[in-house]
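Undergrad: This is the structure I want to talk about, given as structure tokens.
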Amino acid sequence: MFQASSKQFVENLNKPLFDGLPYSHINSHIKNLLHEVDHLRVVASQKQEQQQKGTLGQFLTNAAVSELMAMMFDKVNLSEISLLDAGAGVGSLLAAFVANVCNWRQYPAYIKIVAYEIDPFLIGYLQKTLALCVSECQCVGITCDYEIRDRDFIADAVKLLQPTLFDKPDELRFTHAILNPPYLKINANSKVRELLRALGLETSNLYTGFMAAAAQLLQPGGELVTISPRSFCNGPYFRDFRKMFLAQMALRQIHLFESRHKAFSDDSVLQETVILHAIKQKQKHDSVLVSTSLGSDDGLITTHSLAYTEIVHPDDAEQFIRIIPDTVSQEVVQQIANLPCTLKDIGLSVSTGRVVDFRAKEYLRLSLEENTVPLIYPVNFSLGYIEHPKATRKHQALVYTKETASLLVDNEHYVLTKRFTTKEEKKRVVAVVYDANRHLGYSHVGFENHINYFHKCGRGLDITIARGLAAYLNSSLVDAYFRLFNGHTQVNATDLRNLPYPTIEQLVSLGLKIGDNFPSQQEVDQLVTKELLCMTFQPGTNSTTIKSRIDEALLILAQLGLPRAQQQERSALTLLALLDLKPTDSWASATAPNKGITPIMEFMAQHYGKTYKPNTRETVRRQTIHQFLDAALIVANSDEPLRPINSPKTVYQIEESALALLQTYGTSEWENSLRTYQASIETLKQRYAQERELSRIPVVIEGQVKTLSPGGQNVLIEQIINEFAPRFTPGGKLIYVGDTDEKLAHFNEAALSDLGITVDSHGKMPDVIIHHITSNWLVLIEAVTSHGPINPKRKKELETLFAGTSIPLIMVTTFLSRKAMVGYLAEIAWETDVWVAEDATHLIHFNGEHLLQPYNVNNDKGAS
């Protein structure tokens, strides 16, 4: 056990942690705390063996996820906080929690942190993180104590929760808990399984054990935020956990990651991941907030509020947690709920293929021969039917003997689905018809274990019913519904049994529309809408047409060669918004209006049911619009080319050649138009790049001509370089010049290093840095056109950022005009200077004894 208080570990902050990991300076700003801790995580993760991570089931939480989780806690007015972090790793989560608390308007007086970690390799990093937290708390007047418990959390929880005559229950419990529990399957006869039974829980994975124990260790009204696989939300394996957890905890918020791998991309984790915020109370909230983002570092977050009873149905014996992220998904649920039957109601069953190939190895054959029968693998799935035999490394036949007879079924008609889908497949449920008429001459057939097959009492199905059932399972409606409630990458027979189904009559009606060539996805969705949802198909604004339209846009982005990072829903919706293309519109009706980011997001919400947080506009611009501009798919400010790219009035428009191409999508002209467009796209890119380059602002830095993006603060930066620098810092060296569009136009990092200064690259740099060599001053300049001046907060930030320097810092706020300055006069920090470009020969100093240059009557370079 390791314990510390506010005073004990501050002196250790400047000591190196392990070899190669020095800490020369700890600053008091929250962002820097999180950056420092994330640096610890990266170093520890790189040194930690992947095998060790898998053995312990522990994958370290990155800064973006940690911050997202910490922000979910309610800002309650408590004088004391007790925080539990079980499986703390390097302390990323607890550091994010502390940083968040230090940003509250009302601080608690005291924080006690209890961190469990059994990996001795990580404990050293954890100690350093906790010492940083103590220092951060001191800066805002919070007393912080901590304790590292280097012992098994589950065993300790059982001990703590055992009642004794001398217990004072609330003293042992926590007001807050933040967890990234280990993901590890546990054997039925293991010690940890026995310990969890002592807590009243039967579960097959350690992560649910950690969540249950943490919940029990909370005080009444305590808060839990945890990140874990989504698999606990449904299925029989976690039924006991759900019942225990939901009996004592009330769900408050659920956050989904659309991508399987983005939350823990550093560790190649492909589980679907969910963040859960819950309060320890029996009374449930009226509603639950469901938020969604592509990944941990994606600032574009959708939000959707649902009645608690829609998330957990009160009469549901399984206590499934139904996560419905948007209004379109709600419609999917309602449409599926209208289907009247279970699989049992229509007299059908689903089973897993019986052939486990490695157990039947001696009976496998690469091709059909005498005394063999067809063996079907997922690789044989092709365009709605089975392609067999197929040129593949998989065996295509099984010897038919008395030893293999129990592995086979009669050679009749079946519907088959894949049990596992790859990352590349766009659909979770993939179904085909096994049509026995295409495989004549065999009495039996074998289905490999990675396949589920639908049958009727062990025998085959009517071919029309089989075709109708396969079409239903392949519909976008079923795929969307399945993704909502299936938190893992498998499609098990149990999952398929729990799915609602149409009547036999509806399946027959659907099947009669399907012939030897299976219909396209669009045709399947039209048939399902008409035959099962009782609508005459008009591509109306419903969940199926919305999903189909988004899928079309995604396919277009892929065919246009956009980077993989832009082949996701956000970019697809941005494209549709810029085309003003609603789910019901034909591609031929696409137009090219000028739209800003806010109208783009409003279009997404109004027509596609995706409501994003208003403060996530920058994500659309940075992670989609920029790439569209680079690809010459869109142009900026076609209505006013001289408008600065960072202006709040900036608008975007589909490029005319791209519009002409996209209007042909879905027609016979598309392929030819696409080839023509792709042949000319490089010329288009060059043309628009040249146009952008011609409008850029040239400046001379260290004898070289460099250009700044047009407009905005760069007009002022040009004047700083050409007017301010030679007048007030003659002979000075330009070390750094920022750029509105490119982030930086010039950075002489070596010159800064020569002055003994190392700047945290995560810090927010000033717009211009000049070394005034004659006076040996470092002049930090902010160019104000849309953002604020050097106010007391910004002054402190700059002092912190350049805390390593031994030479004086001079801070200057610059404006284009006096009129621009007037609105900021009340904010400008004391002991700083102001320069106005329209009065370029004068400088204003705000109080203090020292001007940038001494003032006298004969010198007009300074004025106070």
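The values are calculated or read from the model by the stated rules, or taken from the named source; none is laboratory data. These numbers come from a predicted model, not from an experiment. Neighbour counts run over all protein chains shown; Cβ positions are idealised from the backbone, glycine included. Areas reflect the complete protein model, heavy atoms only, side chains present, ligands, DNA and RNA absent. Shrake-Rupley method; radii C 1.70, N 1.55, O 1.52, S 1.80 Å.
Undergrad: Looking only at the stretch 306-329, how many residues end up being among the charged types (D, E, K, R), within 13 Å of Ile254 (Cβ to Cβ) and without any contact (Cβ under 8 Å) to a residue 60 or more places away in the chain?
TA: Count: 1.
Undergrad: Do you know which residues across the stretch 729-773 are over 15 Å from Thr805 (Cα atoms), of a type in the set (Val, Ile, Thr) and either at pLDDT 90 or above or in contact with a His (Cβ under 7 Å, 6 or more places away or on another chain) (or both)?
TA: Within the stretch 729-773, Thr729, Val737, Val768 meet the criteria.
Undergrad: Now for a different question. List, please: which pairs have Cβ atoms under 8 Å, are six or more places apart or on different chains, and start with a residue in the stretch 182-196 that is more than 18 Å from Ala86 (Cβ to Cβ) and open to solvent by 30 Å² or more (accessible area, probe 1.4 Å) and end with one that is assigned to a helix (DSSP H, G or I) and basic (Lys, Arg)?
TA: Within 8 Å, the pairs are Asn187/Arg193.
Undergrad: Filter the stretch 795-825 down to residues that are part of a loop (DSSP other than H, G, I, E, B), under 39 Å from the mean Cα position of the chain (by Cα) and of a type outside the set (Val, Ile, Thr) and give me whichever is surrounded by the fewest Cβ atoms within 10 Å (Cβ to Cβ).
TA: Gly823
Undergrad: I'd like the residue in the stretch 832-862 that is modelled with pLDDT of 55 or more and among the hydroxyl-bearing types (Ser, Thr, Tyr) and, out of all such residues, is farthest from Lys793 (Cα to Cα).
TA: Filtering first and then ranking leaves Thr841.
Undergrad: While we're here: Looking only at the stretch 379-396, decide whether some residue is surrounded by 19 or more Cβ atoms within 10 Å (Cβ to Cβ), touching a helix residue (DSSP H, G or I) at 6+ places or on another chain (Cβ under 7 Å), closer than 30 Å to Glu258 by Cβ and not charged (D, E, K, R).
TA: The answer is yes; a qualifying residue exists.
Undergrad: Another one. Could you run through the stretch 446-466 and say how many residues are in a loop (DSSP other than H, G, I, E, B), hydrophobic (A, V, I, L, M, F, W, C) and open to solvent by less than 30 Å² (accessible area, probe 1.4 Å)?
TA: 1
Undergrad: Give the residue, chosen from Tyr472, Tyr434, that is touching a residue at least 60 places away in the same chain (Cβ under 8 Å), within 21 Å of Thr352 (Cβ to Cβ) and either small (Gly, Ala, Ser) or surrounded by 24 or more Cβ atoms within 10 Å (Cβ to Cβ) (or both).
TA: Testing whether each residue is touching a residue at least 60 places away in the same chain (Cβ under 8 Å), within 21 Å of Thr352 (Cβ to Cβ) and either small (Gly, Ala, Ser) or surrounded by 24 or more Cβ atoms within 10 Å (Cβ to Cβ) (or both) leaves just Tyr472.
Undergrad: Restricting to the stretch 685-728, give me the number of residues that are at pLDDT below 80, more than 39 Å from the chain's Cα centre (by Cα) and either surrounded by fewer than 17 Cβ atoms within 10 Å (Cβ to Cβ) or under 19 Å from Glu640 (Cβ atoms) (or both).
TA: Residues in the stretch 685-728 being at pLDDT below 80, more than 39 Å from the chain's Cα centre (by Cα) and either surrounded by fewer than 17 Cβ atoms within 10 Å (Cβ to Cβ) or under 19 Å from Glu640 (Cβ atoms) (or both): 6 in total.
Undergrad: Taking the stretch 639-664, which residues are open to solvent by less than 40 Å² (accessible area, probe 1.4 Å) and in a loop (DSSP other than H, G, I, E, B)?
TA: The answer is Arg643, Pro644, Ile645, Ser647, Thr650, Val651, Glu655, Thr664.
Undergrad: Which pairs turn up if I take residues in the stretch 614-643 that are under 13 Å from Pro563 (Cα atoms) and look for partners that are of a type in the set (Ser, Thr, Tyr) and outside any helix (DSSP H, G or I) with beta carbon separation below 9 Å, at least 6 apart in sequence or on another chain?
TA: Qualifying pairs under 9 Å: Ile625/Tyr652; Phe628/Tyr652; Leu629/Tyr652.
Undergrad: Any idea which of (1) closer than 29 Å to Lys547 by Cβ; (2) in contact (Cβ under 8 Å) with a residue 60 or more places away in the chain; (3) open to solvent by less than 20 Å² (accessible area, probe 1.4 Å) is the one Val373 doesn't satisfy?
TA: The failed condition is (1).
Undergrad: Would you call Val134 of a type in the set (Val, Ile, Thr), touching a strand residue (DSSP E or B) at 6+ places or on another chain (Cβ under 6 Å) and either within 25 Å of Gly295 (Cα to Cα) or at pLDDT below 95 (or both)?
TA: yes
Undergrad: Also, quick follow-up: Take the stretch 828-846 and flag every residue that is of a type in the set (A, V, I, L, M) and within 12 Å of Arg727 (Cβ to Cβ).
TA: Passing the criteria: Ala837, Ala840, Leu843.
Undergrad: If you don't mind, another one. Looking at Arg621 and the list (1) modelled with pLDDT of 85 or more; (2) on the phi < 0 side of the Ramachandran plot, which single condition is not satisfied?
TA: Going through (1) modelled with pLDDT of 85 or more; (2) on the phi < 0 side of the Ramachandran plot one by one, Arg621 breaks only (1).
Residues are listed down the side, and each one gets a yes or a no for (1) modelled with pLDDT of 90 or more; (2) out of contact with any His (no Cβ under 6 Å at 6 or more places or on another chain); (3) in a strand (DSSP E or B):
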site: Leu60; (1), (2), (3): no, yes, no
site: Glu67; (1), (2), (3): no, yes, no
site: Asp74; (1), (2), (3): yes, yes, no
site: Leu83; (1), (2), (3): yes, no, yes
site: Val98; (1), (2), (3): yes, yes, no
site: Arg105; (1), (2), (3): no, yes, no
site: Pro108; (1), (2), (3): yes, yes, no
site: Ile111; (1), (2), (3): yes, yes, yes
site: Ala115; (1), (2), (3): yes, yes, yes
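Undergrad: Also, I was wondering about something else. Take the stretch 243-273 and flag every residue that is out of contact with any Leu (no Cβ under 8 Å at 6 or more places or on another chain), at pLDDT 95 or above and crowded, with 21+ Cβ neighbours inside 10 Å.
TA: Phe245
Undergrad: Ok, one more. Taking the stretch 513-532 as the search range and keeping residues that are part of a loop (DSSP other than H, G, I, E, B) and touching a helix residue (DSSP H, G or I) at 6+ places or on another chain (Cβ under 6 Å), which one is modelled with the lowest pLDDT?
TA: Leu532
Undergrad: I would also like to ask the following. Just need a number here: residues in the stretch 413-428 that are open to solvent by less than 50 Å² (accessible area, probe 1.4 Å) and assigned to a loop (DSSP other than H, G, I, E, B).
TA: Count: 5.
Undergrad: List, please: which pairs have Cβ atoms under 8 Å, are six or more places apart or on different chains, and start with a residue in the stretch 276-288 that is within 15 Å of Gln253 (Cβ to Cβ) and end with one that is of a type in the set (Phe, Trp, Tyr)?
TA: Pairs that qualify, where the first residue is within 15 Å of Gln253 (Cβ to Cβ) and the partner is of a type in the set (Phe, Trp, Tyr), are His277/Phe73; Ala278/Phe245; Lys284/Tyr308; His285/Tyr308; Asp286/Tyr308; Ser287/Tyr308; Val288/Tyr308.
Undergrad: Still on this structure, please answer the following. Got a number for residues in the stretch 571-590 being surrounded by fewer than 23 Cβ atoms within 10 Å (Cβ to Cβ) and farther than 20 Å from Thr667 by Cα?
TA: 0
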